[in-house]
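Notes follow the structure.
The values are calculated or read from the model by the stated rules, or taken from the named source; none is laboratory data. As the structure is a prediction and not an experimental result, all values here were calculated from the model. Methodologically, a virtual Cβ is constructed for each residue, glycine included, from the backbone with ideal geometry; neighbour enumeration extends over all protein chains shown.
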Amino acid sequence: MRRSRALLLVVAAAAAALLPACSSGSPSTLQPRGPAAQRIDGLWWFMFWIALGVFAVVIGMLLFGLFRRRKSGESVARGGGERAVVLLGIVAPAIILTTLFVVSLRDLNALSAPAKSDAMTVSVIGHDWWWEVRYPQRHVVTANEIHIPTGTQVLLHLSTGDVIHSFWVPQLSEKTDMIPGKTNRMLLEADRPGIYRGQCAEFCGLEHARMSFLVIAEPPSQFQTWLAGESQPIGSVTGAAAQGKRVFLTSTCVSCHTIQGTNADATDGPDLTHFGSRRTIAANSVANTPGNLAAWIEDPQGIKPGALMPPAVVEPRQLQALVTFLEGLK
Amino acid sequence: MVAIAERLTSIWEETPGLASWLTTVDHKRIGKRYIATAFVFFVLAGLEAMAMRIQLARPGQAVFTPNAFNQLFTMHGVSMIFLFATPILSGFGNYFVPLMIGARDMAFPRLNAFGYWVFFFAGLFMSFSLVIGKAPTDGWFNYVPFALTHYSPGLNIDFYGLGIIFVGISSTTGAINFIVTIFKMRAPGMSINRMPLFVWAVLTTAFAIVFALPSLTVANVLLELDRKAGFHFYDVAHGGDPILWQHLFWIFGHPDVYIIVLPALGIVSTILPVFSRRPIVAYPYVVLGTVAIGIVGFGVWVHHMFATGLPQLGLSFFSAASMMVVIPSGIQMFAWVITIIKGRPVFTVPFLFIIGFIVTFLIGGLTGPMFAAVPFDQQITDSYFVVAHFHYVLFGGAVFPIFAALYYWLPKMTGRLTNERLGKLSFWLIFVGFQVTFFPMHIMGLLGMPRRIYTYQSGLGWDVWNMTSSIGSFVLAAGVLAFIIDYYLSLRRGLPAGDDPWAADTLEWAISSPPPAYNFESIPQVSSREPLWDQPDLPQQIRRGTAGPVLAEGHETVGTSVLDADSEDVLEMPGESPWPLTSAVGLLIIFCALLISHLLLAAAGLVVMSIGISGWLWDTGDVNSG
């Protein structure tokens, strides 16, 4: 009796968890927002109900076997049972699995259909531990944020600058690995505007846990505006920002970062040309606020232990100017 | 009757004391050692898991640094797989295969001792890395290029690469020993269709090891050549290929799941009928299922690589193969359940663990084919759903049967019964603790939580499930503790077990508990699958020396033919020997030398090993002297 109650609890817990699909901030595969994730979600529920059915049958048989009343003198036969084993253990699974195979093959075909002719190409390059994002048509380079137009196929070219990473936005698509010496392709599409969390899914070292990013899906017109803005170099700056720019260009920052429109053009770290417009710092580790940025520049290890960015040696006043400059890069 | 026992004892009993502790070749002593050593690694790897669950209980915790956490999850996986699951099942095989088939030892007793020592040293070698804070940090799967020197300088990965090669030597010698023992040393009349299912499972596993391990060894030899000698097998910049590692690793890695699970399924097929009070239904199908898993298991490795961007045709093929492997498991699942239905179950502690196994392994078996469906795999692979799935398969499929086996066979090994109430407490804590720990991981995975992260942000819907899981892990640990207490108490004041406390059917229960050094006074003639149920007088006959040949002229046992087990030969067995340990020490020196790239030390190790092997080969005239 205790057993069946425990089982009931487990099933109830599962149902309670899966049906409302949890909080709205969750990158849940069960709240799909793109055609690929939608299709996989359908496949999951198909398989879930089959699994639940098989589970019920086997557990029902087990409980029957364990607790059925046996007559006091009932003799136990030595043989028998083969036919039931063949039927339940071979024939039934063969039918179920064939069905599942056909259904999954249909979905696989759909997912690996070639991109439509109007698909937009975006390159994403995994780095320890951040994401480089390139829009080749407009020579736009950004990091840790991928803006896409809704309802449009985006063809991703996925590669890596160092070890293996894996690109995963659970609410939009399946995941695809980024492997040295290879460029993998995958389609990304969002049905409606929103911010979808993505995260590296292949263990890649110390900060695998903080290698996250955001996909920002916007209506096409809004996206075009964003893209146009991103393709501009930075304008002239004055006051504290001008002082911050000087700090930037005369410190170690320039040995890793690029800012279009200045002579900082190193590519080891994220491109900062429009840094001020990004929502997060350090691959979605913390929100992009002046306070967090100052803390990050002074002591990256305090926010992301293992991060490859060295601490900048700048005086407090210089730091403040630097933060003002960077946050102004909209 | 007494005379026979005395005579055999004088031939087979090893001299007491430390010397014999180091030189023993008795499969029972070696088997117990395997089980005890592996259990210690189980506890250590379990503590590593607890440490991870403490860190992950709440978002954003920093109990461990990322580096420490990565060492913990790597050593947890490596230890559970290579230092616990495989060797403890090998230990049960060592102890019980000869007893179940009516033999007096394994086919190669000294190789058996050598295998244990190599496992022991390799286990120390790898565990030492954690003690000095240099444990490998790239998971048990150890993907390149992260594992190459550029990204992982230091000895960490070398402890993995060399340690895996090292421990593989032990598994290989063990597997060869099992194959020969099972093929050539079954009691007369135990034709291949009468073999206990545990023996079938061990045999299949042994073949799987022989075919799968070379791939892992090659993978690691190439890795160490890359790391230590400047080769570029995996280095893209010089024409190497990181995907090569993944293929080599998973050609071993997936069959390894069955290498762990198959013997455990064999344990289930042994224990379940005893407590259902009837033979297993559909024995031939269960055997075919066992062997089929061993074979089909080699054709499914690419499902670990569905997200690497391989061509679609390849994906479909491996998808189909991966689904196929469900069928032989399904056969066994229904054979067990129908055996219970047709039988008259007795709710002993080992049987409870078997029921726990069925429920848990069933869930793992239901989420398994989901990963064969390529699109779902590409969505869910490397998420916590996978962690849930393979713990249901491996903890459900192997650890529950291992606990069943411990409760079932400890009385035979120690001669003492365990405490029923403590045993039941242990079962319920482990069962409930397991479900509470691992079921929520399915949900975490569906909610997008990736594996192998040392921390996570709050507000992603993962917090409550992680906390639940961490609480469950403490309940689970309490269950393991209850078992340890139960075992300790039973050693101190357990009731005498008697020869056959469970009214079981296989030959190990025909002899006293614990068994005498020579196992059987006379080698029985077997005429059915359940010898003790069909021939109730057999234990008496064995003891009286009338069941078959006594062979009291020296270290001897009967050699029989492969299929029909017709008597062919009297096999002379070697006695105690210092050479297996010597050879293993030589190997240990060699591997330590390779680790620190010290060629002179390696040469010294080679000398020690040569001395060991020479002594070993020289010793053959000595076989009768004990």
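Among the residues of the range A:1-50, those that are within 29 Å of A:ILE216 (Cβ to Cβ), part of a helix (DSSP H, G or I), at pLDDT 60 or above and hydrophobic (A, V, I, L, M, F, W, C) comprise A:ALA36, A:ALA37, A:ILE40, A:LEU43, A:TRP44, A:TRP45. Within the range B:163-186, residues that are in a helix (DSSP H, G or I) sit with their Cβ atoms under 9 Å from residues that are surrounded by fewer than 24 Cβ atoms within 10 Å (Cβ to Cβ) and among the acidic types (Asp, Glu), at 6+ positions apart or across chains, in these pairs: B:ILE165/B:GLU224; B:LYS184/B:GLU568; B:LYS184/B:ASP569. Would you confirm, using the coordinates I've provided, whether B:SER610 is in contact (Cβ under 8 Å) with a residue 40 or more places away in the chain and under 31 Å from the mean Cα position of the chain (by Cα)? Considered against the rule, which asks whether it is in contact (Cβ under 8 Å) with a residue 40 or more places away in the chain and under 31 Å from the mean Cα position of the chain (by Cα), B:SER610 comes out as no.
Sort out for me the helices (runs of 4 or more DSSP H) sitting completely within the range B:345-427 that have 1 or more residues that are surrounded by 21 or more Cβ atoms within 10 Å (Cβ to Cβ), within 11 Å of another protein chain (Cβ to nearest Cβ) and free of Cβ contacts under 8 Å to residues at least 12 places away in the same chain.
Details: elements: B:349-372, B:374-380, B:384-394, B:400-414.
Once the helices (runs of 4 or more DSSP H) in the range B:345-427 are filtered for at least 1 residues that are surrounded by 21 or more Cβ atoms within 10 Å (Cβ to Cβ), within 11 Å of another protein chain (Cβ to nearest Cβ) and free of Cβ contacts under 8 Å to residues at least 12 places away in the same chain, what remains is B:349-372, B:374-380.
Could you say whether any residue in the range B:536-548 is under 27 Å from the mean Cα position of the chain (by Cα) and modelled with pLDDT of 95 or more? There is no residue in the range B:536-548 that is under 27 Å from the mean Cα position of the chain (by Cα) and modelled with pLDDT of 95 or more. Here B:VAL550 clears all of (1) outside any loop (DSSP other than H, G, I, E, B); (2) in contact with a helix residue (DSSP H, G or I) (Cβ under 9 Å, 6 or more places away or on another chain) except the condition numbered (1).
The set of residues in the range B:83-116 that are within 30 Å of B:ALA552 (Cβ to Cβ) and aromatic (Phe, Trp, Tyr) comprises B:PHE92, B:TYR95, B:PHE96, B:PHE108, B:PHE114, B:TYR116. Residues considered: A:ASN263, A:ASN288. Of these, the only one that is under 28 Å from the mean Cα position of the chain (by Cα) and either of a type in the set (S, T, N, Q) or more than 26 Å from A:GLU207 (Cβ to Cβ) (or both) is A:ASN288.
B:SER561: of a type in the set (S, T, N, Q) and surrounded by 20 or more Cβ atoms within 10 Å (Cβ to Cβ), yes or no? For B:SER561, the condition - of a type in the set (S, T, N, Q) and surrounded by 20 or more Cβ atoms within 10 Å (Cβ to Cβ) - is not met. Where residues in the range B:136-175 are among the aromatic types (Phe, Trp, Tyr) and away from every other protein chain (no Cβ under 13 Å), which of them is nearest to B:GLY240 (Cα to Cα)? Going through the qualifying residues, I end up with B:TYR160.
Which of the residues that make up the range A:276-304 are in a loop (DSSP other than H, G, I, E, B) and surrounded by fewer than 17 Cβ atoms within 10 Å (Cβ to Cβ)? Step through it out loud before you land on a result.
Initially, the range A:276-304 is screened for residues in a loop (DSSP other than H, G, I, E, B), giving A:278-279, A:282-285, A:288-289, A:299, A:304.
Selection gives A:ARG279, A:THR289, A:ASP299.
Considering the range A:202-220 alone, what residues qualify as being of a type in the set (Gly, Ala, Ser) and at the interface with another protein chain (Cβ under 7 Å from one of its Cβ atoms)? Of everything in the range A:202-220, those that are of a type in the set (Gly, Ala, Ser) and at the interface with another protein chain (Cβ under 7 Å from one of its Cβ atoms) turn out to be A:GLY205, A:ALA209. Restricting the first member to the range A:288-313 and to residues that are away from every other protein chain (no Cβ under 12 Å), and the second to residues that are loosely packed, with under 13 Cβ neighbours inside 10 Å and small (Gly, Ala, Ser), the beta-carbon pairs closer than 8 Å and six or more apart or on different chains are A:ALA295/A:GLY302.
In the range B:461-489, the residues that are within 12 Å of B:PHE434 (Cβ to Cβ) reach residues that are in a helix (DSSP H, G or I) and among the hydroxyl-bearing types (Ser, Thr, Tyr) with C-beta atoms within less than 8 angstrom, at least six apart or across chains, in these pairs: B:SER469/B:THR437; B:GLY472/B:THR437; B:SER473/B:THR437; B:VAL475/B:THR437; B:LEU476/B:THR437; B:GLY479/B:SER426; B:VAL480/B:SER426. Criterion applied to A:VAL86, A:VAL54 was being buried (at least 17 other Cβ atoms within 10 Å of the Cβ), assigned to a helix (DSSP H, G or I) and of a type outside the set (Gly, Ala, Ser), and the one residue passing it is A:VAL54.
Hey, any hits in the range B:313-321 for a residue that's outside any helix (DSSP H, G or I), more than 7 Å from chain A (Cβ to nearest Cβ) and either free of Cβ contacts under 8 Å to residues at least 60 places away in the same chain or polar (S, T, N, Q) (or both)?
We begin by selecting, within the range B:313-321, every residue outside any helix (DSSP H, G or I); these are none.
The answer is no; no qualifying residue exists.
Checked against (1) closer than 30 Å to B:PRO66 by Cα; (2) within 7 Å of chain B (Cβ to nearest Cβ), A:ARG134 passes all but condition (2). For B:THR137, are the conditions met, namely being under 21 Å from B:LEU216 (Cβ atoms) and either surrounded by 23 or more Cβ atoms within 10 Å (Cβ to Cβ) or within 17 Å of the chain's Cα centre (by Cα) (or both)? Yes, satisfied.
Within the range A:69-87, the set of residues being of a type outside the set (Asp, Glu), under 20 Å from B:ARG529 (Cα atoms) and facing chain B (nearest Cβ under 7 Å) comprises A:VAL76, A:ALA77, A:ARG78, A:GLY80, A:GLY81, A:VAL85.
A search for C-beta distances below 9 Å between a residue of the range A:108-121 that is within 14 Å of chain B (Cβ to nearest Cβ) and any residue that is of a type outside the set (Val, Ile, Thr) and surrounded by fewer than 15 Cβ atoms within 10 Å (Cβ to Cβ), counting only pairs 6+ apart in sequence or on different chains, returns A:LEU108/B:GLN312; A:ASN109/B:GLN312; A:SER112/B:GLN312. Set side by side, the residues A:VAL163, A:VAL169 differ, and just one is without any contact (Cβ under 8 Å) to a residue 60 or more places away in the chain, closer than 24 Å to B:TYR143 by Cβ, within 14 Å of another protein chain (Cβ to nearest Cβ) and of a type outside the set (Gly, Ala, Ser), which is A:VAL163. State all residues of the range B:140-155 that are free of Cβ contacts under 8 Å to residues at least 12 places away in the same chain and surrounded by 19 or more Cβ atoms within 10 Å (Cβ to Cβ); if no residue qualifies, say none. Selection gives B:PHE146 alone. Taken over the range B:113-159, the residue count meeting the criterion of being in a loop (DSSP other than H, G, I, E, B) and of a type in the set (Val, Ile, Thr) is 4.
Can you tell me which of B:SER512, B:SER458 is closer than 26 Å to B:ILE11 by Cα, out of contact with any helix residue (DSSP H, G or I) (no Cβ under 8 Å at 6 or more places or on another chain), surrounded by fewer than 20 Cβ atoms within 10 Å (Cβ to Cβ) and not β-branched (Val, Ile, Thr)? Working first, answer last.
Working: B:SER458 fails: closer than 26 Å to B:ILE11 by Cα.
Residue meeting the stated conditions: B:SER512.
Scanning the range B:186-229 for residues that are touching a helix residue (DSSP H, G or I) at 6+ places or on another chain (Cβ under 7 Å) and either modelled with pLDDT under 95 or among the acidic types (Asp, Glu) (or both) turns up just one, B:GLU224.
Output the number of residues of the range B:1-60 satisfying the condition of being in contact with a Pro (Cβ under 7 Å, 6 or more places away or on another chain) and in a loop (DSSP other than H, G, I, E, B). Number satisfying all stated conditions: 1.
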